[in-house]
């Protein structure tokens, strides 16, 4: 009996796998995602360049010394501008000229510094054609603060050269204790894997989750399920469906993974300072966890999609619930910055144990700092336990739901179905 | 002989509606069984309980002499009322998949699928995708899918609906041949003419209840031979004879229904004295008439 069930499950998995791998959707997404990722990377570099300080500006003040000190501080800052014009003191005509230059985009803006009697700090105002970005704001603020210190230092007879040595920007080397060893860390790259998982999981759930729901609805509307149910159990049908579609997901992942490894080892990547997967901040252990959490998340959401698909009566309704399907993923993404900042907080620990959030949150925690082994183990057990429960649930709903077609089931009805078969 | 299917006082209700009420029937090996009834009578509900798609609320279902279990399903071929196939799959892949699901090896399933396709004259369609085929052809494909694993028990829900007469006869002949080979066949229909020609036993259900059941001959013999067909030349005054309940008269041809227990010989004597009789035939009621008589105005359809 068990053998029969296994055989049926594998037969169904094989059919689901071949049907999908041969489909156009598979070829298109397999090709499109790496292209999209490449485009994203290029876009990221482009917008990274955009996050620079102001390039051309003027400093306006009635206090020439202060204005010059700000200019020097800007030059020593993290984002040295190309040109800094000092206008001190400024006439109304000067201000009008600067306004015209801002309007014509010849300069990014100008900084006015009005000394306030009795206060060390002047009243500083930034005037520009557009809202200032964070880097620009930090650039101005630190320049004004540094200028005040410079003035004090100058008053105490510190030379310009000494001042430069003291005030220039420092570089922080970051190291990380990772799995017991101190290694150099690159805070951006160490989360590359986690962000990769999010994108990949998100894309797969959207593509294959909806795909599973569709195929369930198709079996319902074409009534082929009646033939299938007269030979195979609904457990085999659901499990086979998930395994088949899961294998499709893995095939696709495998192709993408091979592309990534190929890219990371290529000469092109070397010119970008990447030599193999290690320099992308991805370790082998992380790769293994990636596979575990990807599969768990994929099966859980696919099972949910199958259950939802079994409970609706038409193709259009599949669209409506796609939001329900991805909402836990959206929540995970929203909570990500918090988890990153506090990987060992109670909230992060609890979230990383809850199956719908575990794939992303626990994987992110593993990337940030290895959590205690029991937490990881518990999270994996709960995740796969809930996959099993979801398959069971989906099989029951499929079994009974499909026989009552024509109208959509209400929640109490669904609960009744569960008891009934 | 042991019955292949034995429904023992089964009942099934959906929500507030009783679909099947206290129904019993038996199907023997090597016989053809007709499940008859107007639309909505409970035919499909009965069939679904036979193959475990739904479970009866009360009563017992036995297949092959044992209480129903999923293991028995490999010996059953089931054609549901609403046809279902994977639309985008190639016909041959589909047949092989369904054959494998019922325990055949891939090679054997392929061989049989091709053989059946020859037999049902659709061999040139098996490399096409299902959605490219006409409805009638899809029905033949599904017919093949049902029979591929050579089931001992063949259950078909409205197998001939939507087929043109040529194909309907082709499938009827196929079923008769299977029966001759010892397979048991059950099919449901609301078309009496098919049942009358094909079936050994019938069960007529209406509103979920069996209103008439038994061997075809036995059922018909329960009804009097009270139909008379007369062909005559001359006067038709004998049609006013007291033995006649009602009649339809055409030029030189009359179809007569006698009163209960009336003597047809008396009518013949009266007819001979009034006209020249070229034909006088006493016939059984057709199943259609029995059906209408039994179900009468009570049918939901």
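The values are calculated or read from the model by the stated rules, or taken from the named source; none is laboratory data. Please read all numbers here as calculations on a predicted model, not as lab measurements. Every residue, glycine as well, gets a Cβ built from its backbone with ideal geometry; the counts of neighbours run over all protein chains shown.
Residues that are over 17 Å from the mean Cα position of the chain (by Cα) and at pLDDT 85 or above number at least 3 in the following strands (runs of 3 or more DSSP E) confined to segment B:1-120: B:3-14, B:17-28, B:58-63. Number of residues in segment B:132-165 that are more than 14 Å from chain A (Cβ to nearest Cβ) and under 21 Å from residue B:49 (Cα atoms) equals 1. Scanning segment A:221-252 for residues that are part of a helix (DSSP H, G or I) and modelled with pLDDT under 80 yields a single hit, A:221. Of all residues in segment B:195-226, those that are part of a strand (DSSP E or B) and at positive phi total 1. Output yes when any residue across segment B:169-190 is in contact (Cβ under 8 Å) with a residue 24 or more places away in the chain, touching a helix residue (DSSP H, G or I) at 6+ places or on another chain (Cβ under 7 Å), assigned to a strand (DSSP E or B) and closer than 27 Å to residue B:18 by Cβ, and no when none is. Yes: segment B:169-190 contains one or more residues that are in contact (Cβ under 8 Å) with a residue 24 or more places away in the chain, touching a helix residue (DSSP H, G or I) at 6+ places or on another chain (Cβ under 7 Å), assigned to a strand (DSSP E or B) and closer than 27 Å to residue B:18 by Cβ.
Filtering segment B:78-100 to residues that are more than 9 Å from chain A (Cβ to nearest Cβ) and within 21 Å of residue B:152 (Cα to Cα) leaves B:95, B:96, B:99. Taking the criterion of being over 18 Å from residue A:254 (Cβ atoms) and within 12 Å of another protein chain (Cβ to nearest Cβ), the residues of segment A:4-13 that qualify are A:4, A:5, A:7, A:8, A:9, A:10, A:11, A:12.
Any idea how many residues of segment B:15-54 are without any contact (Cβ under 8 Å) to a residue 12 or more places away in the chain and surrounded by fewer than 17 Cβ atoms within 10 Å (Cβ to Cβ)? Explain how you work it out, then say what you get.
Kept after step one, since they are without any contact (Cβ under 8 Å) to a residue 12 or more places away in the chain, are these residues of segment B:15-54: B:15-17, B:48, B:53.
Add one more test, that the residue is surrounded by fewer than 17 Cβ atoms within 10 Å (Cβ to Cβ), and what stays is B:15-17.
Selection size over segment B:15-54: 3.
Which residue is nearest to the other protein chains (Cβ to nearest Cβ), if the candidates are limited to segment A:14-27 and must be closer than 22 Å to residue A:206 by Cβ and buried (at least 16 other Cβ atoms within 10 Å of the Cβ)? Only one residue tops the list, namely A:19. Residues in segment A:229-256 that are in contact (Cβ under 8 Å) with a residue 24 or more places away in the chain and more than 17 Å from residue A:33 (Cα to Cα): 18 in all.
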